[in-house]
Ligand SMILES: Nc1ncnc2c1ncn2[C@@H]1O[C@H](COP(=O)(O)OP(=O)(O)OP(=O)(O)O)[C@@H](O)[C@H]1O
Ligand SMILES: [Mg+2]
């Protein structure tokens, strides 16, 4: 039974992958430009930013929470890093401080949620506005340009690694580290346990508050990482960067089959979910579908995926 | 008893993921009888009832109701026909009021727009509750009630409908003696009215007190049906486990050592006050009292799941500051909670993941889980506690009630606690498994561990405790040595009698 039920589980899990394959096939038939190496690398690069954020979102959602502030953390992390670079700081140091700032913003979310006992939706809705406001204050509402011409910083967004765009490499490294954390560490176990039953987890001796703070910090760090990648790619920091990115990230997580009520899900699904969104965006662009309709299609796909998932669960 | 059965189940088969859990079960029920369904944990009792009420579909077999073949596709269908169920696991929506819970899905409405007749529903539910002899305010949120009270709401809900067949899956597991008495009165009344009752319980005394006939299932097969008057305890147990079980309580030879755990004047305003007691090395301290006396709250406070407003706790002469459960665990205290579904288990996770949670430190190095060691230990635990499961990866949600309880028990054996607090440790556990749990308790105390056992089952308190502490309305009313302990003394103290 064990083997069989496990097998059944993996059939269920194949859903998102099948969806991705199906969409890819349809787009490949409809647009000859779709399935070319250049375009695929292009899609992957576009996907990487959302995927990196969505990985963090997976952790948050697995604990039964949500993080709406990721886009604002991305913007503030990006602005801070850009500001430091523009003032001539060593690029590596600037990036590290930028990442740290992201982690701290995430930690602030975690503290508000655990110590302040504020629902994650409300807490991050508030910090989303606060961090965005701080970004506007810091940048005075204008883009920060004239960053460093350091090669190593340029690499992050624009470089290639054996022909693979650097952001994609970043995404894959993040994926493997996070996959490992989720699957192989006590921290990852705790994430699933809290989402499954917080009360029982607490009574089993898990340090629930600390775990949650960790989860939000990781998400903050990843959002800043996405922000820095974006900054390097555009060679500037935009105060309005990352607006509504939280929605794409949540969509990727949900498309990947992770339950919004927590406790169930996997990071591989999120990777596939992000790819589905990326492939759709790219394919619809190639097909010259107006961006207005694109939104309708994207929303429709998400709805369909969730409905199919429901069916299987029943 | 009339001559035609009201329910007849024939040759029922059911498999989950290719594991056959019912292998051709026959079962018939007559109007006006109370019919016990017995069997070990995982024998298939609940599954059989879920098939009868349309929650599961049988793979093979037939169900006749009042002489006609029926196939229900949902419990609602069955309820319409007059078959009501009180499930083993509570189904109460905490934020809704008692009345709202009782009328859930069958609300009384005004006219075409379906406006709710709230007043009438509140009044009616109050009537039903009064009929059961329960004093609960029907407009109170159900979540504020104790587990026992919530259970009574379910019972009231079931008999409020025009019920001809009433299925009770371990209804008394969370009830106090007084509540059970009330329940039995109600059941007797229903029997007189011609209602047929299927009664599932692991409490032998109750079965012999209230039931007319007993059907035993073992490993998904019907072993036989006996008249209660012509059978006895031993025969039924033998039918259930397939062998002689011997004494119900293993012999307890305690070697009690020095003082180990001291609770001094522990208080929590409005719930309990000035709780002072000690537990010695190798001792089992039984904690008796009525439901709502504050026993669980005291234990939760010791464990750091609640804040105390005063008092001190020390272990091995060292004073402990426990603010969170993990502090208690670190100090060597384990806690088996009374409500396994909400507090004990993470239902969506596997047996392995649940067993390992309090022990993650043991099974990891610098935060990385040692999967091989973990798996090995899990398999040992499954064998040791005889958890009936298809393997370490089965979701605990799909285990039978008693086996879920064994998983909760197993969780804490891994941390090798100096003090293990058990709150209703054998609730819903079959006779054989109970004995295994008692043996484990004996083994632990022989190894020098101390145990606090909160229990509402007096035979268990008397059979296993070295001393009995009785709580009444948040105060210690008696601490009685094993030799002096008896049912009368405990009940007297539990209802507020004098200190002995
Ligand atoms: N939904 C399910 N999926 C898989 N297995 C299940 C499911 N429901 C029950 N089982 C299995 O079927 C068997 C019978 O379970 P059931 O709940 O009927 O036992 P029970 O006799 O009611 O036991 P208990 O006295 O412990 O309540 C168990 O081995 C259980 O693990
Ligand atoms: Mg059962």
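The values are calculated or read from the model by the stated rules, or taken from the named source; none is laboratory data. Owing to the predicted nature of the structure, the values given are computational and were not obtained by experimental measurement. Here the Cβ positions follow ideal geometry from the backbone for every residue, glycine too, while neighbour counts run over all protein chains shown.
So which strands (runs of 3 or more DSSP E) stay within segment B:243-329 end to end and still have 1 or more residues that are away from chain A (no Cβ under 14 Å) and closer than 26 Å to residue B:436 by Cβ?
So the answer is B:259-268, B:272-280, B:284-289.
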Q) Do any helices (runs of 4 or more DSSP H) entirely within segment B:84-171 hold 1 or more residues that are more than 30 Å from residue B:210 (Cβ to Cβ), and if so, which? A) B:98-102, B:118-131
Q.
Tell me yes or no: at least one residue of segment B:423-441 is within 14 Å of another protein chain (Cβ to nearest Cβ) and touching a helix residue (DSSP H, G or I) at 6+ places or on another chain (Cβ under 8 Å).
A. yes
Q. Is there any pair with a first residue in segment B:416-432 that is within 12 Å of residue B:303 (Cβ to Cβ) and assigned by TED's automatic domain parsing to the domain that holds residue B:285 and a second that is assigned to a loop (DSSP other than H, G, I, E, B) and within 16 Å of ligand 1 (Cβ to nearest atom) whose Cβ atoms are under 9 Å apart and which are 6 or more apart or on different chains, and what are they?
A. B:423/B:339
Q) Which of the residues that make up segment B:349-362 are farther than 18 Å from residue B:387 by Cβ and within 9 Å of chain A (Cβ to nearest Cβ)? A) B:360, B:361
Q: Within segment B:17-32, track down each residue that is within 14 Å of chain A (Cβ to nearest Cβ) and either in a loop (DSSP other than H, G, I, E, B) or surrounded by 16 or more Cβ atoms within 10 Å (Cβ to Cβ) (or both).
A: B:17, B:18, B:21
Q) In this structure, does residue B:451 turn out to be surrounded by 23 or more Cβ atoms within 10 Å (Cβ to Cβ), away from chain A (no Cβ under 14 Å), away from ligand 1 (no atom under 16 Å from the Cβ) and modelled with pLDDT of 90 or more? A) yes
(Q) If residue A:192 satisfies all but one of (1) within 14 Å of another protein chain (Cβ to nearest Cβ); (2) without any contact (Cβ under 8 Å) to a residue 60 or more places away in the chain; (3) assigned to a helix (DSSP H, G or I), what's the number of the condition it fails? (A) (2)
Q) Any residue at all in segment B:366-384 that is within 16 Å of ligand 2 (Cβ to nearest atom) and touching a helix residue (DSSP H, G or I) at 6+ places or on another chain (Cβ under 6 Å)? A) no
**Q.** Single condition residue B:468 does not satisfy, out of (1) surrounded by fewer than 23 Cβ atoms within 10 Å (Cβ to Cβ); (2) in contact (Cβ under 8 Å) with a residue 60 or more places away in the chain; (3) under 22 Å from residue B:260 (Cα atoms)
**A.** (1)
Q.
Being surrounded by fewer than 20 Cβ atoms within 10 Å (Cβ to Cβ), within 16 Å of ligand 2 (Cβ to nearest atom) and farther than 18 Å from residue B:15 by Cα is the requirement here; does residue B:90 meet it?
A. yes
Q: Can you confirm whether segment B:217-234 contains a residue that is surrounded by 20 or more Cβ atoms within 10 Å (Cβ to Cβ), within 16 Å of ligand 2 (Cβ to nearest atom) and in a helix (DSSP H, G or I)?
A: no
Q. From the residues in segment B:172-213 that are assigned to a strand (DSSP E or B) and within 16 Å of ligand 2 (Cβ to nearest atom), which one is nearest to the other protein chains (Cβ to nearest Cβ)?
A. B:200
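Being within 24 Å of residue B:21 (Cβ to Cβ), out of contact with any strand residue (DSSP E or B) (no Cβ under 9 Å at 6 or more places or on another chain) and in a helix (DSSP H, G or I) is the requirement here; does residue B:238 meet it?
On the way: within 24 Å of residue B:21 (Cβ to Cβ): yes; out of contact with any strand residue (DSSP E or B) (no Cβ under 9 Å at 6 or more places or on another chain): yes; in a helix (DSSP H, G or I): yes.
In short, yes.
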Q.
Would you confirm whether or not segment A:198-220 contains a residue that is at the interface with chain B (Cβ under 7 Å from one of its Cβ atoms), in contact (Cβ under 8 Å) with a residue 40 or more places away in the chain and outside any helix (DSSP H, G or I)?
A. no
Q: Under 6 Å between Cβ atoms, at least 6 apart or on separate chains: pull out the pairs that start in segment B:377-402 with a residue that is within 12 Å of another protein chain (Cβ to nearest Cβ) and end on any residue that is more than 13 Å from ligand 1 (Cβ to nearest atom) and part of a loop (DSSP other than H, G, I, E, B).
A: B:396/B:345
Q | helices (runs of 4 or more DSSP H) wholly inside segment B:338-436 containing at least 2 residues that are within 15 Å of ligand 1 (Cβ to nearest atom) and surrounded by 23 or more Cβ atoms within 10 Å (Cβ to Cβ) | A | B:351-356, B:401-413
Q.
Let me confirm something: among B:56, B:35, which residue is within 27 Å of the chain's Cα centre (by Cα), in a strand (DSSP E or B), modelled with pLDDT of 85 or more and buried (at least 16 other Cβ atoms within 10 Å of the Cβ)?
A. B:35
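What about residue B:42, is it within 10 Å of ligand 1 (Cβ to nearest atom) and in contact with a strand residue (DSSP E or B) (Cβ under 9 Å, 6 or more places away or on another chain)? Outline the logic, then answer.
Details: within 10 Å of ligand 1 (Cβ to nearest atom): yes; in contact with a strand residue (DSSP E or B) (Cβ under 9 Å, 6 or more places away or on another chain): yes.
Yes.
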